[in-house]
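Student: To start, I am sharing the structure in question, which I have written as structure tokens.
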Amino acid sequence: MTSRTASCNCGQLRITCEGAPTRVSICHCLECQRRTGSVYAVQARFPRDRVRAEGRSSNWSRTGESGGTARFHFCPDCGATVYWEPDTMPDFVLVAVGAFADPGFPAPGVSVYEERQHPWVSALERLPMEHWA
């Protein structure tokens, strides 16, 4: 079974996930934009019994547009959000895909809150690329 580890920027907070995610999604909601500092968030859903968190975390809870509350776990040292626990899905943990730092991670299969999507997001593939080593 595949094992993947996601971590914060400084490496102090980690979560190891066994097996494939049950869902990988993109969220364009305004709260995810604020949380990530980006124009959307990408998250992977794993069954709770297949994840193991290590390190210290601070947490913060918020109620989303759907009415559910999620508890976000972030590193108290570097501030990076690594995973969160939605109260509407007690058997699952969601992990920030970027925290895996793995370009081979499975692609998203669903996108939500597109009405809040920045209009230029769909044009990204047409941008000229600068290649850095």
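Student: Can you pull out every residue in region 100-114 that is closer than 17 Å to CYS29 by Cα, surrounded by 10 or more Cβ atoms within 10 Å (Cβ to Cβ) and not small (Gly, Ala, Ser)?
Tutor: The answer is PRO108, VAL112, TYR113, GLU114.
Student: Can you name the residue in region 60-78 that is surrounded by 13 or more Cβ atoms within 10 Å (Cβ to Cβ) and among the small types (Gly, Ala, Ser) and is also modelled with the highest pLDDT among such residues?
Tutor: Among those that are surrounded by 13 or more Cβ atoms within 10 Å (Cβ to Cβ) and among the small types (Gly, Ala, Ser), it is ALA70.
Student: Next question. Name the residues in region 58-103 that are of a type in the set (Ser, Thr, Tyr), free of Cβ contacts under 8 Å to residues at least 60 places away in the same chain and within 19 Å of THR22 (Cα to Cα), would you?
Tutor: THR88
Student: Take HIS73 and tell me if it is farther than 16 Å from GLN33 by Cβ and of a type outside the set (D, E, K, R). Write out each step before concluding.
Tutor: On the way: farther than 16 Å from GLN33 by Cβ: yes; of a type outside the set (D, E, K, R): yes.
Answer is yes for this residue.
Student: Can you name the residue in region 22-59 that is modelled with pLDDT of 95 or more and part of a loop (DSSP other than H, G, I, E, B) and, of all such residues, is nearest to PHE74 (Cα to Cα)?
Tutor: Step by step, filter region 22-59, then rank; the result is SER57.
Student: Return the residues of region 75-133 that are among the hydrophobic types (A, V, I, L, M, F, W, C) and either at positive phi or over 17 Å from the mean Cα position of the chain (by Cα) (or both); say none if nothing qualifies.
Tutor: The answer is ALA101, TRP120, VAL121, ALA123, LEU124, LEU127, MET129, TRP132, ALA133.
Student: At pLDDT 90 or above, open to solvent by 20 Å² or more (accessible area, probe 1.4 Å) and under 14 Å from ALA99 (Cα atoms), is that true of CYS10? Let's see the steps before the verdict.
Tutor: Numbers: at pLDDT 90 or above: yes; open to solvent by 20 Å² or more (accessible area, probe 1.4 Å): yes; under 14 Å from ALA99 (Cα atoms): yes.
Yes.
Student: A further question follows. Residues of region 8-21 being farther than 21 Å from CYS75 by Cβ and part of a loop (DSSP other than H, G, I, E, B), which ones?
Tutor: Narrowing region 8-21 to residues farther than 21 Å from CYS75 by Cβ: 18-21.
Answer for region 8-21, where residues must be farther than 21 Å from CYS75 by Cβ and part of a loop (DSSP other than H, G, I, E, B): GLY19, ALA20, PRO21.
The values are calculated or read from the model by the stated rules, or taken from the named source; none is laboratory data. On a predicted model such as this, the values are computed, not experimentally measured, just so you know. Glycine also receives a Cβ, built like all others from the backbone with ideal geometry; neighbour counts cover every protein chain displayed. Please note that ligands, DNA and RNA were not included when accessible areas were found on the heavy atoms of the full protein model with its side chains. Shrake-Rupley method; radii C 1.70, N 1.55, O 1.52, S 1.80 Å.
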